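Peer 1: Supplied in structure tokens, the structure appears directly below.
The values are calculated or read from the model by the stated rules, or taken from the named source; none is laboratory data. Predicted, not measured: the structure shown is a model, and the values here were computed from it. We place every Cβ from the backbone using ideal geometry, glycine too, and count neighbours over all the protein chains shown. Just the protein is used for accessible areas: all its heavy atoms, side chains included, with ligands, DNA and RNA removed. Shrake-Rupley method; radii C 1.70, N 1.55, O 1.52, S 1.80 Å.
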Amino acid sequence: MPEPENRRPGSLPHDAHPHAATLKRLEKSSGSLAAQAIARMDETLPWYRAMPPENRSWIGLVAQAGIAAFTEWFRHPDAPQAISTDVFGTAPRELTRAITLRQTVEMVRTTIEVMESAIDEVAAPGDESVLREALLVYAREIAFATAQVYAQAAEARGAWDARLESLVVNAVLSGEADEGAVSRAAALGWNSPEHVCVVLGTAPDGDSELTVEAIRRAARHAKLQVLTGVLGSRLVVIAGGSDNPLAVAKSLIGPFAAGPVVAGPVVPDLLAATRSAQAAAAGLKACSAWQDAPRPVLADDLLPERAIAGDPNAREQLVEEIYRPLEEAGSALLETLSVYLEQASSLEGAARMLFVHPNTVRYRLRRVTDVTGWSPSDVRSAFTLRIALILGRLADGDPQT
């Protein structure tokens, strides 16, 4: 008694299929067709020849699975089937990283071309047009299946990359950046640019992924490298590739919500980016004290507000970058600046108090500008200089304060 035929439940036996002869010949030819497809790939696709043997073997299995899936599909084309599982399920998920979508399309096209060229030999007499039409429909299904596989892989990688990027951004903002954060950033494509700064502002309402993508588009346009994320209500951008933090902030400001946007100082690398992030965060907190602050604004332009708000780094910076250089330049500069500010920025008033000519006061104030980079004649700079003098005296324990 013959063994029962092994077939899918509900499918027709070979002799009951309307194209049984073609189906049988297709099954017998599947092995040789796969071998021809692999040989054609080796002959026409340079990237295939350059691949490691293991990856070439997986591609061979995919080609064989594709031809076998077509045979099954030809047997019962009306039955619902997951072609992507039938064809691409034989290969490991890592293959989508080793082979690009373009290469996969070339592989599928080569296999389809081999099958199409063999139609006259495989099809039973009179079935050539039927098999050719079936192959065209199947090729369309394979194209959709290929797109689905790579879309799913891209979504999975995107979700993982987003989590990884969030870890790096959070580490920088919290002061926990280490070599591990640098390695994670490198996995995201961060190429360790020489100049790095952090830009902070309020995140807009809505989908944070859209905000992040908008930042990336702006960064590509400005030729910047960025690591970005939405942390609570804040939109954080770590930008690399420019030594001008204000220009960086201006180029990325579009996706930020209304409100202040603060750019931290430029630092040499990602490990030092915490300093830029802390300055930007302190500036964002203190920005409300300067109602006419520009948007965006540098964290260093908010030094007096940051110092008053209790930022120890701002206090130290004002003392070390303004007070100490003036102190080292001679007591005359400190005394002249102090009197000038006390006399409501009047040259004549300061000259009378110091018993010197107004031109002497003018010369000393120019020296103050040269030494500190802040001009006493500018209202905003004068405010910064006044705060620096106060903090410097406090640091020295001056009893007059």
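Peer 1: Give the residues of region 243-274 that are touching a strand residue (DSSP E or B) at 6+ places or on another chain (Cβ under 8 Å) and more than 17 Å from Leu284 (Cβ to Cβ), sorted by residue number.
Peer 2: Val266, Val267, Pro268, Asp269, Leu270, Ala272
Peer 1: Quick check: anything in region 242-250 in a loop (DSSP other than H, G, I, E, B) and either of a type in the set (D, E, K, R) or surrounded by fewer than 17 Cβ atoms within 10 Å (Cβ to Cβ) (or both)?
Peer 2: Scanning region 242-250, I find at least one residue that is in a loop (DSSP other than H, G, I, E, B) and either of a type in the set (D, E, K, R) or surrounded by fewer than 17 Cβ atoms within 10 Å (Cβ to Cβ) (or both), so the answer is yes.
Peer 1: Across region 36-63, which residue is farthest from Thr104 (Cα to Cα) among those that are open to solvent by 60 Å² or more (accessible area, probe 1.4 Å) and either hydrophobic (A, V, I, L, M, F, W, C) or touching a residue at least 40 places away in the same chain (Cβ under 8 Å) (or both)?
Peer 2: Across region 36-63, the extreme among qualifying residues is Gln36.
Peer 1: Restricting to region 105-151, name every residue that is modelled with pLDDT of 80 or more, among the polar types (S, T, N, Q) and farther than 23 Å from Lys28 by Cβ.
Peer 2: Once the filter is applied, which keeps residues that are modelled with pLDDT of 80 or more, among the polar types (S, T, N, Q) and farther than 23 Å from Lys28 by Cβ, region 105-151 yields nothing.
Peer 1: Another question, then. Suppose the filter is assigned to a loop (DSSP other than H, G, I, E, B) and under 24 Å from Pro304 (Cβ atoms); does Pro255 pass it?
Peer 2: no
Peer 1: I've got another one for you. Of the residues that sit in region 278-319 and are of a type in the set (S, T, N, Q) and within 20 Å of Ile390 (Cα to Cα), which one is least open to solvent (accessible area, probe 1.4 Å)?
Peer 2: Gln317
Peer 1: Could you list all residues from region 98-143 that are over 23 Å from Trp47 (Cα atoms), in contact (Cβ under 8 Å) with a residue 40 or more places away in the chain and open to solvent by 40 Å² or more (accessible area, probe 1.4 Å)?
Peer 2: Within region 98-143, Glu121, Val130, Val137, Glu141 meet the criteria.
Peer 1: Take the residues in region 1-58 that are modelled with pLDDT under 80, part of a loop (DSSP other than H, G, I, E, B) and of a type in the set (Gly, Ala, Ser), then tell me which one is farthest from Trp73 (Cα to Cα).
Peer 2: If we take residues in region 1-58 being modelled with pLDDT under 80, part of a loop (DSSP other than H, G, I, E, B) and of a type in the set (Gly, Ala, Ser), then Gly10 is farthest from Trp73 (Cα to Cα).
Peer 1: Run Ser276 past the list (1) touching a Cys at 6+ places or on another chain (Cβ under 7 Å); (2) outside any helix (DSSP H, G or I) and report the number of the one that doesn't hold.
Peer 2: Tallying (1) touching a Cys at 6+ places or on another chain (Cβ under 7 Å); (2) outside any helix (DSSP H, G or I), Ser276 fails exactly one: (2).
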